[in-house]
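Inspection log for the structure reproduced underneath, given as structure tokens.
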Amino acid sequence: MGHRFILIVANEPSVEREEEYNEWYSAKHIPMMFKFKGMKKASRYRLSGEGRENSRYLAVYEFDSRQDLEAFPKSPEFAEAVKDFDEKWKDGGFERKWGASYELIKSWEKIESIV
């Protein structure tokens, strides 16, 4: 396997609907996104510490190939997830800040030796 391609989405739920947002995202949205066979991994992150100019939440979706990444937004699985998203948040309580795709250049990992 080569390196993965990622799609990152920055989200900002309202404070009033934050718990509802987290439950929906983890229990419904992620499983819907995983229906696309080319998606290999999904990770969610919450902002740690200060930095209110940044989004409170990030979602990182991983794909094994550029073809899978490019096919994803054109897929029926993506269309279904977007339709559900639009219905769920039509009355507000959520803002998508930004989204972008990235290709890995190189990765390093520190390995500690056991003494």
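Can you tell me which of Lys90, Lys97 is in a strand (DSSP E or B) and over 20 Å from Lys35 (Cβ atoms)?
Every option except Lys97 fails the conditions.
Can we say Ala27 is at pLDDT 95 or above, in contact with a Phe, Trp or Tyr (Cβ under 8 Å, 6 or more places away or on another chain) and of a type in the set (A, V, I, L, M)?
no
Hey, can you tell me all the residues within region 5-45 that are among the basic types (Lys, Arg) and either surrounded by 13 or more Cβ atoms within 10 Å (Cβ to Cβ) or in contact with a helix residue (DSSP H, G or I) (Cβ under 9 Å, 6 or more places away or on another chain) (or both)?
Scanning region 5-45 gives Arg17, Lys28, Lys35, Lys37, Lys40, Arg44.
Of the conditions (1) exposed (fewer than 13 other Cβ atoms within 10 Å of the Cβ); (2) under 30 Å from Arg17 (Cα atoms); (3) modelled with pLDDT under 95; (4) among the charged types (D, E, K, R), Lys74 satisfies every one except a single condition; which number is it?
It fails just one condition, (3).
Among the residues of region 60-115, write down those that are acidic (Asp, Glu) and in contact with a strand residue (DSSP E or B) (Cβ under 6 Å, 6 or more places away or on another chain).
Glu62, Asp64, Glu95, Glu103
Which residue is farthest from the chain's Cα centre (by Cα), if the candidates are limited to region 56-104 and must be without any contact (Cβ under 8 Å) to a residue 40 or more places away in the chain and farther than 19 Å from Lys40 by Cβ?
Asp91
Out of Ser55, Ser113, report the one residue that is loosely packed, with under 13 Cβ neighbours inside 10 Å, modelled with pLDDT under 95 and outside any strand (DSSP E or B).
Ser113
If you take the residues of region 77-99 that are farther than 13 Å from Ala59 by Cβ and in contact with an Asp or Glu (Cβ under 8 Å, 6 or more places away or on another chain), which of them is modelled with the lowest pLDDT?
Glu95
Identify all residues within region 23-47 that are without any contact (Cβ under 8 Å) to a residue 12 or more places away in the chain and in a helix (DSSP H, G or I); write none if there are none.
Glu23, Ala27, Pro31
The values are calculated or read from the model by the stated rules, or taken from the named source; none is laboratory data. For clarity, every value in this text was computed on a predicted model and none was experimentally measured. Ideal geometry is used to build each Cβ from the backbone, glycine not excepted, and the neighbour counts take in all protein chains shown.
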